[in-house]
Each structure stands twice: as C-alpha cells, then as structure tokens.
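Undergrad: One structure follows; several queries about it will come next.
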Amino acid sequence: MKQLIYLTVVALALVSACLFSASARVVNQEPEDIVLTEGTAINVVTAQEITSKAAKPNDPVNFTVNEDLLINGQVVVRKGTAAVGSVINAEKGGYLGKSGKLAIQVESSQTVDGQPVKLRAAKGKEGSDKTNSTAALSMISPFFLFKKGGEAKIAAGTPVTVYVAEEKRFRLDGSNLVAVVPEKPAVTDDSESIVYIYRPSKMVGKALEPSVFVDQTELAWMDNGRYFAIKLKPGKHIVRMTDDKKGYALDMGPGQTYYFRVGIEMGMWKGHGKLTLDDADRAIAEIKKLKFIGQDKIKAPTMVVEIPVK
C-alpha cells in the first residue's frame, strides 16, 4: 500500500512538473512579429490636380492614404497619412492636335510609428528590361495618361493603388506599435543602373545635334545614327534634353536597364530634341544598327561609355 501511494505521488509530481514547464514556455514565448510584407497594397488618393500643361519632370505630387492599412488587426499605416510622389514625364498637348502626356509616381508614406515606407506602382519587382519600357510604363507609374489633342489631367481625389516596396516588422509594446530592428542589416543590391541613349539614323534634321543631360550634367551632343550608355547609382535621376521640361525623372532600380530614344521635333519647335522612354526590344534592335557616338561629341567623358547591347 505504501509503495502504491509513493508511486502515485511521484506520478503527480511528474505531471505537475510537465504542466509548469509548458506554462513557462507560454509565458516566455516571444511575441509574434507583425510583418508588413513587400507587395502589400495601399490605397491613396491624389491631393491636388496635375496637368500636362503645368507639370514638369520631378515636380512634387501629394497624396493621402485613403484607408487604414491593417495587419493582424493592428493599424500599420493610418488613413489620412500623407504620401509623396513626383511627376515622371509631362508633355503639353493641344498644338496642331498634339497629344498631352502625363506620368506620375507615388514614392513613400509613413507607418504609425513615423517610419518611412517606400512605395511603388507594381506589386512585383521590376525584373526585366521590358518592365521599364514605354509599353509597360504602368509598372513605374500608376498613371500614364495620353490625351489626344488636349492636355492630360489627373483630378484631385483620384484613387490610386500602390504597393509596399520593402518589408518592415513590428511588435506591440502595450498598445503601441514598435519597429523591430533586424539583427543583421538587410543586404542591399547596389549594382548600377544602365541607361542607353540612342538616335536612329534619319534624314530629317540630320545636321542637328541636340544635347542630352542626366541631372545637371551635359553628357553629349547627340549626332545622327549614334548611341552611348551611362552607368548610374540606383535612385532618382532626371534624363532630359536642354529643356528641363523634356525628360523623365525616374527612380532607377539596381541592375535595371533603361532605353531612351532621341528624335528631332519639327514645326514650331524645329531643331529641338525629343526624348522618349523606349521599349527594350525595339531599342536593342535599333542600337545594334548604330555606331558609338563620336569622341568629339562627348561632353562628360568620365560618364559616357560604350556598352554593346545583347
């Protein structure tokens, strides 16, 4: 009998120890992270009217977050938070039936704890050259408008869906959302962006040589039937002609390739160069027919390089 009582006491002790251990594990368990994943959709609205008549590349554009972004029931980005962006490209319309063009981008907003969060127009990463073509400019801009014979216009209050471009993690500290600092810093891709500038051989305006710039640097006088390339650090750059309204302000991704075709505008604006963000397939086929730009035309010899297309 005594032996039975002893065995019962031991069994109860073991059960109690197991229950205590399980309870301790629950108490000591780390709280689960709240993860704002890359590609999460955020709804914003334009906070101003933008027209192709008044806008120029890199002009700021204001937006407002249109509804709370909830992750696991927690507000991560609050309705009413400001979001910022800019004009990618704008071309006036109206003259002799010329079409107005306008492209804008949403760049960033803030989480509830004040952290900046980068945004982009496409849910997935831009993974190929074609992503950055004219035909797929919607991957860069939530709006790429083309208004035949008039000005392209985006009204205030126009809804836009954009996507988170980076993962962020949070934990609850009481009722407050607190950012989780990663133990190891994220590995960033800092490979350079490549930009090709080319001008197909045409008889019209053959002798004219408009200048091409990146940011504030004059790259070259673009002569007929030639091309060149430049390498840039990832980030926003303005590729333009002499007129700072005739260009593109793009947030260039690491390792991405962009193609710009130079043409000559005739008529009222005779002799002025025109720049177009071009489709990769067409650009590559054209560049293969062209020679590298003449050394006497290069104004930034440390930047202008010859990179054969593949």
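Undergrad: In the stretch 255-272, which residues are at pLDDT below 85 and either of a type outside the set (A, V, I, L, M, F, W, C) or touching an Asp or Glu at 6+ places or on another chain (Cβ under 6 Å) (or both)?
TA: Step one: list which residues in the stretch 255-272 are at pLDDT below 85, which gives 264-272.
Correct list: E265, G267, K270, G271, H272.
Undergrad: Find the residue count for the stretch 191-236, including only residues that are farther than 22 Å from E286 by Cβ, in a strand (DSSP E or B) and without any contact (Cβ under 8 Å) to a residue 60 or more places away in the chain.
TA: Result for the stretch 191-236: 1.
Undergrad: Further, regarding this structure: Identify, by number, the condition in (1) among the hydrophobic types (A, V, I, L, M, F, W, C); (2) buried (at least 16 other Cβ atoms within 10 Å of the Cβ); (3) touching a residue at least 40 places away in the same chain (Cβ under 8 Å); (4) within 19 Å of A165 (Cβ to Cβ) that V84 doesn't meet.
TA: Answer for V84: the failing condition is (3).
Residue-wise test of (1) within 30 Å of N176 (Cβ to Cβ); (2) at pLDDT 90 or above.
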residue: R25; (1), (2): yes, no
residue: D33; (1), (2): yes, no
residue: K53; (1), (2): no, no
residue: N66; (1), (2): yes, yes
residue: L69; (1), (2): yes, yes
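Undergrad: Related question: All but one of (1) touching a Ser or Thr at 6+ places or on another chain (Cβ under 6 Å); (2) within 19 Å of E306 (Cα to Cα); (3) not in a strand (DSSP E or B) hold for P254; which doesn't?
TA: (2)
The values are calculated or read from the model by the stated rules, or taken from the named source; none is laboratory data. It should be emphasised that the depicted structure is a prediction, and the values quoted were computed from it without experimental measurement. Please note: Cβ atoms are built from the backbone with ideal geometry, for glycine as well, and neighbour counts cover all protein chains shown.
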